[in-house]
Amino acid sequence: MRIAVLASGTGSNFEAIMIAKREGVVTDDICLLFSDQKQALVLEKAKKYGVPSVSFSLHDFSSKELYEKKLRDLLVSKKIDFVVLAGYMKILGSVMLETYANRIINIHPSLLPSFPGRHGIKDAFTYGVKVTGVTIHYVDDGVDTGPIIAQKAVEIKTYDTLETLETKIHSAEHVLYPQVIAKLTKNENKKENF
Ligand code: GRF
């Protein structure tokens, strides 16, 4: 499989995937890192791991559709089979969803359907739930609503702060995402139960 990772920020999940690739857990080719943020740290990480990267911003285009067509054309030109969102902070539209139907996955830092949206960790912490976690799901046209592939629970202890919870969630993400990618792509992208 030829995989592209789309990311907007720090890229710790991208790095976890690359470490898993180095260790032979992920066997697919991570062919491209795309970021919609030209200053994103994840671009440095792509350089570090020798993954070709491309960055352009929505603001470079007159519409979101044109931006997304450019992104889709880029992925198709690189013969990408499978798309991994790792902190990609844009909602995907019909151009990407039609071309890569059932071949785009996302990681979200809560146990969906609880706490969707941008602040999944903080929202769970503020609500006061005792268990939150990480969800990996297929991407559809909603916000964090696609079919769930895998989840990992993370307990919130009385002594946890938002910061310690963030650390625990990210550690769980870094274990789960590479495992799911390895398993999903080996199973030829069938909707498996994990
Ligand atoms: C992760 O918490 C992920 O669940 C969310 O965005 C964050 C990305 O972090 N979608 P990083 O850029 O991989 O460090």
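The values are calculated or read from the model by the stated rules, or taken from the named source; none is laboratory data. This structure is a prediction, so every number in the text was calculated from the model and none was measured. Cβ placement follows ideal geometry from the backbone for every residue including glycine, while neighbour counts extend to all protein chains displayed. The area values use the complete protein model at the heavy-atom level, side chains included, leaving out ligands, DNA and RNA. Shrake-Rupley method; radii C 1.70, N 1.55, O 1.52, S 1.80 Å.
Every residue in the stretch 39-48 that is basic (Lys, Arg), within 15 Å of the ligand (Cβ to nearest atom) and surrounded by fewer than 16 Cβ atoms within 10 Å (Cβ to Cβ), please. Full working, then the answer.
So in the stretch 39-48, the residues basic (Lys, Arg) come out as 45, 47-48.
Narrowing further to those that are within 15 Å of the ligand (Cβ to nearest atom): 45, 48.
Passing the criteria: only 48.
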*Quick one: count up the residues across the stretch 20-29 that are under 18 Å from residue 184 (Cβ atoms), open to solvent by 20 Å² or more (accessible area, probe 1.4 Å) and not in a loop (DSSP other than H, G, I, E, B).*
2
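From the set of residues in the stretch 63-89 that are among the charged types (D, E, K, R) and either outside any helix (DSSP H, G or I) or touching a helix residue (DSSP H, G or I) at 6+ places or on another chain (Cβ under 8 Å) (or both), which is most open to solvent (accessible area, probe 1.4 Å)? Give the derivation first.
Here is the first cut: in the stretch 63-89, the residues among the charged types (D, E, K, R) are 64-65, 68-70, 72-73, 78-79, 81.
When the remaining residues are screened for being either outside any helix (DSSP H, G or I) or touching a helix residue (DSSP H, G or I) at 6+ places or on another chain (Cβ under 8 Å) (or both), the result is 64-65, 68-69, 72, 78-79, 81.
Numbers: 64: 81, 65: 105, 68: 6, 69: 77, 72: 54, 78: 85, 79: 140, 81: 54 Å².
Selected residue: 79.
For (1) at negative phi; (2) open to solvent by 40 Å² or more (accessible area, probe 1.4 Å); (3) within 11 Å of the ligand (Cβ to nearest atom), each residue gets a yes or a no:
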| residue | (1), (2), (3) |
| --- | --- |
| 96 | yes, no, no |
| 102 | no, yes, no |
| 121 | yes, no, yes |
| 140 | yes, yes, no |
| 146 | yes, no, no |
| 151 | yes, yes, no |
| 156 | yes, no, no |
| 164 | yes, yes, no |
| 179 | yes, yes, no |
*Working only within the stretch 1-17, note down all residues that are over 9 Å from residue 33 (Cα atoms) and near the ligand (Cβ under 6 Å from one of its atoms).*
9, 10, 11, 12, 13
*Would the stretch 125-139 turn up any residue that is within 15 Å of the chain's Cα centre (by Cα), part of a loop (DSSP other than H, G, I, E, B) and touching a residue at least 60 places away in the same chain (Cβ under 8 Å)?*
no
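Conditions (1) farther than 19 Å from residue 96 by Cβ; (2) surrounded by 13 or more Cβ atoms within 10 Å (Cβ to Cβ), marked per residue:
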| position | (1), (2) |
| --- | --- |
| 6 | no, yes |
| 12 | yes, yes |
| 36 | no, yes |
| 50 | yes, no |
_Selection from the stretch 104-117 of residues that are surrounded by fewer than 16 Cβ atoms within 10 Å (Cβ to Cβ) and within 11 Å of the ligand (Cβ to nearest atom)_ = 117
*Does residue 92 satisfy the condition of being in contact with a strand residue (DSSP E or B) (Cβ under 8 Å, 6 or more places away or on another chain), open to solvent by less than 30 Å² (accessible area, probe 1.4 Å), within 16 Å of residue 6 (Cα to Cα) and not in a loop (DSSP other than H, G, I, E, B)?*
no
